[in-house]
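Novice: A single structure is presented below for examination.
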Amino acid sequence: MEEKDRLFKSIQDIVNDNPVLVIGCGASMNYGIPGMWDLAMAIKADFTKTPPISEESKKCVNELVGKLDAEMGLEDAMLSLKCTEEVENRILKIVWNQIKPKDNNVFMDVVQSRSRLPLANLLTHLIYNRADAGVDVVTTNYDCLIEYAASQTDAYVNCGCSQSHIGQFIGFDHKNQLAKLKDYEGCVNIYKIHGSLDWFVDNNGEMYNYPNLTYIPDEMKPCIITPGTNKYERALEDPHRSLISSVDGLFKEAFGYMCIGYGFNDKHIQPNLLKMAIDRKKRILIVTKDLTKKIENEVIAKAKNYIIVYSDGANGTRFKSSSERIEIVDDTTEYWRLENFMSII
């Protein structure tokens with residue numbers, strides 16, 4: 001068997017062995033969902049047009065804008081300062097208002113074109129190649145691309161909220177309810193650890209799920225965790241605390257991990273994932289456009305069993321594997337694109 005054939009066989013083995021899917025922003029950006037740079041420019045423009053009220057908030061914003069002007073990334077810039085509540089609430093709304101219209105565009109395109117999303121094909125493959133017919137998806141994304149893709153399968157879609165137009169968070173203790181849902185084929189569990197565009201929290205701290213709203217309801221704010229030092233404080237609040245705890249359990253139980261468009265930039269995800277990959281040599285499959293420094297430093301330098309599928313910078317693909325530290329180049333197909341990756345499995 002040739003080297004490339006052996007590598008493809010290893011990829012198939014990982015995919016067919018019930019990996020936890022970890023979906024990052026790279027999976028959404030191809031659909032026009034704003035990335036960190038776009039959000040940074042929107043935040044800067046909004047505060048420049050309408051400065052905050054308090055002097056403390058103005059000082060915070062001036063520092064933030066200065067760092068962004070110095071070409072510091074949004075995540076690093078916001079981690080380097082402590083935002084006031086006024087600034088944080090403004091940023092929540094800016095981020096929501098930037099992403100929501102683009103997310104609506106994706107939804108309407110799915111409805112009108114009736115074309116299947118590549119992620120839907122992957123989920124279908126995973127569901128129908130497993131006896132227990134369940135798929136666990138972990139994401140840091142706020143958009144609903146995964147939900148749209150899961151809805152194109154025949155599976156029951158569980159986002160941790162009750163199934164109604166006014167949903168409330170119920171967690172993931174109800175996964176076994178699938179046995180009672182005879183009309184579904186399989187189950188897709190989606191753990192949105194940083195929140196979702198359709199999650200909102202009221203003044204009493206109660207979280208609600210309102211699908212497909214086009215504006216933020218009065219007296220409520222988006223239930224999403226944005227970059228910054230407050231990110232880790234908010235992660236201690238429900239529903240995020242419950243979700244992160246559930247994900248830690250998933251990573252411990254998983255046979256392996258498949259990461260799509262995930263750059264290993266979030267401390268809520270990679271510590272336990274990498275601990276399993278290093279201590280227990282669990283397999284990691286990464287499908288991404290760019291081989292980032294974080295992937296080089298966190299995965300290639302530390303993990304024992306990985307395969308990385310990424311762009312060669314032109315029209316082809318590079319494959320890196322921990323197996324004998326081999327590297328294969330295919331200059332004919334962009335396998336890092338999920339629609340092309342599916343031909344491997």
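Novice: With a/c under 1.5 counting as rounded, go ahead and sort the range 229-268 into rounded, prolate or oblate using the C-alpha gyration tensor (a ≥ b ≥ c being the square roots of the eigenvalues; past the cut-off, prolate if a/b is larger than b/c, else oblate).
Specialist: Oblate is the answer for the range 229-268, as a/c is 1.5 or above yet b/c matches or exceeds a/b.
Novice: Shifting gears a bit: In degrees, nearest 10, range 0 to 90: what is the angle between the Cα axis of helix 55-69 and the longest Cα principal axis of the chain?
Specialist: 40
Novice: Name all residues of the range 186-224 having a backbone nitrogen under 16 Å from the label point set 7 Å from the Cα of M108 along its Cα→Cβ direction, giving them as ranges.
Specialist: Those under the cut-off are 212-215.
Novice: Among the lysines, which have Cα under 24 Å from the Cα of K93 when same-chain residues fewer than 8 positions away are ignored?
Specialist: The qualifying lysines are K44, K49, K58, K59, K67, K82, K102, K192, K221, K231, K267.
Novice: Got the relative contact order for the range 1-102 handy, in percent, Cα pairs under 8 Å and 6 or more residues apart?
Specialist: It rounds to 32 percent for the range 1-102.
Novice: Calculated from DSSP H runs of 4 or more alone, at -39500 (n - 2.57) each and per residue, what is the 222 nm mean residue ellipticity of the chain, nearest 500?
Specialist: Calculated mean residue ellipticity at 222 nm is -11500 deg cm²/dmol.
Novice: Let me ask another. Can I get the semi-axes of the chain's equivalent ellipsoid? Compute them from the C-alpha gyration tensor as square roots of 5 times the eigenvalues, in angstrom, largest first.
Specialist: Each semi-axis is √(5λ); the values are 33, 25, 19 Å.
Novice: Regarding the range 189-345, what whole-number volume in Å³ per residue does the convex hull of its Cα atoms give?
Specialist: 151
Novice: A further question on this structure: Grab the Cα-Cα distance for K49 and K275, subtract it from 0.36 nm times how many residues apart they are, and report the gain in nm with one decimal.
Specialist: 76.9 nm
Novice: Moving to a separate point now. Given Cα pairs under 8 Å that are at least 6 residues apart, what percent is the relative contact order of the chain?
Specialist: In percent, rounded to a whole number, it is 19.
Novice: Once you keep just the Cα pairs under 8 angstrom separated by 6 or more residues, what percentage relative contact order results for the range 47-145?
Specialist: After rounding, I find 21 percent.
Novice: In degrees between 0 and 90, to the nearest 10, how far off the longest principal axis of the chain does helix 3-15 point, with axes built from Cα atoms?
Specialist: Helix 3-15 sits at roughly 60 degrees to that axis.
Novice: Multiplying the sequence separation of D76 and D5 by 0.36 nm and subtracting their Cα-Cα distance, what value in nm do you get?
Specialist: Additional length available on full extension: 21.5 nm.
Novice: So how much slack lies between R337 and E253, counting 0.36 nm per residue of separation and subtracting their Cα-Cα distance, in nm?
Specialist: That works out to 27.4 nm of additional length.
Every number here is computed from the coordinates shown, using simple stated rules; none is lab data. None of the values given here were measured: they were computed from a predicted structure. As a convention, Cβ positions derive from the backbone with ideal geometry for all residues, glycine included, and neighbour counts pool all protein chains shown.
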